[in-house]
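Visitor: Got a structure here, written out as structure tokens. Questions coming.
Values quoted throughout were computed directly from the atomic coordinates according to the rules given, and no laboratory measurement underlies them. If you're wondering where the values come from, they're calculated on a predicted model, not measured in any experiment. Heads up, the Cβs are rebuilt from the backbone with ideal geometry, glycines too, and the neighbour counts pull from every protein chain shown.
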Amino acid sequence: MHEEEQICVFERFQTLKAKASRLLDPVVQSEGLTLLQACVLCHLYRQDAAVGDISELAVMDQANASSLCKKLEREGFLTRTRQASDRRVVILSLTPKGREAAERLQARLNHYMELLNALPTDAKEELNRGFQAANQMLDYLFEQTKGD
């Protein structure tokens with residue numbers, strides 16, 4: 001790979017990250033949340049989850065996921081309850097405040113989904129393939145460089 005192509009990889013990652021932030025930050029900030037916090041609330045809106053599940057979802061270690069969830073608990077968005085059968089497992093559930101915030105977020109994101117759904121089928125399929133390919137590439141690179 002040429003030096004120019006290596007720099008281009010960094011630029012592509014940064015462009016995707018910046019554009020996603022530009023699009024989504026105003027939505028999540030309207031609820032006083034970060035993008036990662038909003039992602040957790042939207043996940044919990046669909047179903048309660050363990051801290052370990054959030055760790056996987058957020059692609060972070062369990063200690064950081066636990067800290068993230070404790071902050072959301074302090075702010076009144078969720079509750080943390082020890083699982084009866086295994087006290088080591090902490091189950092997360094939305095509070096009414098968290099459920100309302102997740103509903104408002106989803107309502108705002110529905111506009112984006114309507115726009116995407118209006119695309120021709122081949123364009124949607126191409127976007128989906130591109131996302132899957134980028135996700136596989138990042139998984140591959142991460143697995144190949146663990147411990148570096």
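Visitor: In terms of Cα to Cα distance under 20 Å, which lysines are near enough to LYS97, apart from those fewer than 8 places away along the same chain?
Guide: Partners within reach: LYS70, LYS71.
Visitor: May I pose another question? Taking amide H atoms as placed 1.01 Å from N in the peptide plane, list the residues 5 or more away in sequence, or in a different chain, whose amide H sits under 5 Å from that of LEU78.
Guide: GLU73, THR95
Visitor: Moving on to the next point. Multiply the residue separation of GLU143 and ALA18 by 0.36 nm, subtract the distance between their alpha-carbon atoms, and state the gained length in nm to one decimal.
Guide: 42.6 nm is the gain from fully extending GLU143 to ALA18.
Visitor: Here's another thing I want to ask about it. Calculated from DSSP H runs of 4 or more alone, at -39500 (n - 2.57) each and per residue, what is the 222 nm mean residue ellipticity of the chain, nearest 500?
Guide: The helix-only estimate for the chain comes to -24500 deg cm²/dmol at 222 nm.
Visitor: Any idea how far the Cα center of the stretch 69-137 sits from the one of the stretch 23-57, in Å?
Guide: 5
Visitor: Amide H neighbours of ILE91 under 5 Å, at least 5 residues apart or on other chains, H built in the peptide plane: list them.
Guide: Hits under the 5 Å cutoff: THR81, ARG82, GLN83.
Visitor: Another question about this same structure. Can you tell me the length gained on complete extension of the stretch LYS97 to TYR45, counting 0.36 nm per residue apart and subtracting the Cα distance?
Guide: 17.6 nm
Visitor: Tell me, ILE91, ILE54 in order of fewest to most beta-carbon neighbours within 10 Å?
Guide: ILE91, ILE54
Visitor: Lysines within cross-link reach of LYS124: Cα-Cα under 28 Å, excluding same-chain residues under 8 positions apart?
Guide: The qualifying lysines are LYS17, LYS19.
Visitor: Suppose a student asked you for the relative contact order of the chain, using Cα pairs under 8 Å spaced at least 6 residues apart; what percent would you report?
Guide: Value for the chain: 19 percent.
Visitor: While we're here: Which part of the stretch 7-40 falls in the paramagnetic zone of ALA123, meaning amide N under 15 Å from the point 7 Å along Cα-to-beta-carbon?
Guide: None, by backbone N distance to the label point.
Visitor: Next question, about the same structure. Per 5 Å bin, what percent of the C-alpha pairs of the stretch 4-59 does each bin hold, from zero upward?
Guide: Cα pair-distance distribution for the stretch 4-59, in percent: 4, 17, 19, 17, 17, 13, 8, 4, 1, 0.
Visitor: Can you work out ³J(HN,Hα) from phi for every residue in the stretch 132-142, in order, using Karplus 6.51 cos²θ - 1.76 cosθ + 1.60 and θ = phi - 60°, giving whole Hz and x for Gly and Pro?
Guide: Ordered by residue, 3J(HN,Hα) equals 4, 5, 5, 5, 5, 4, 5, 4, 4, 4, 5 Hz.
Visitor: Let me ask something additional. Over its Cα atoms, what ratio of radius of gyration to 2.2 N^0.38 Å does the chain give?
Guide: Normalised Rg, Cα atoms only: 1.23.
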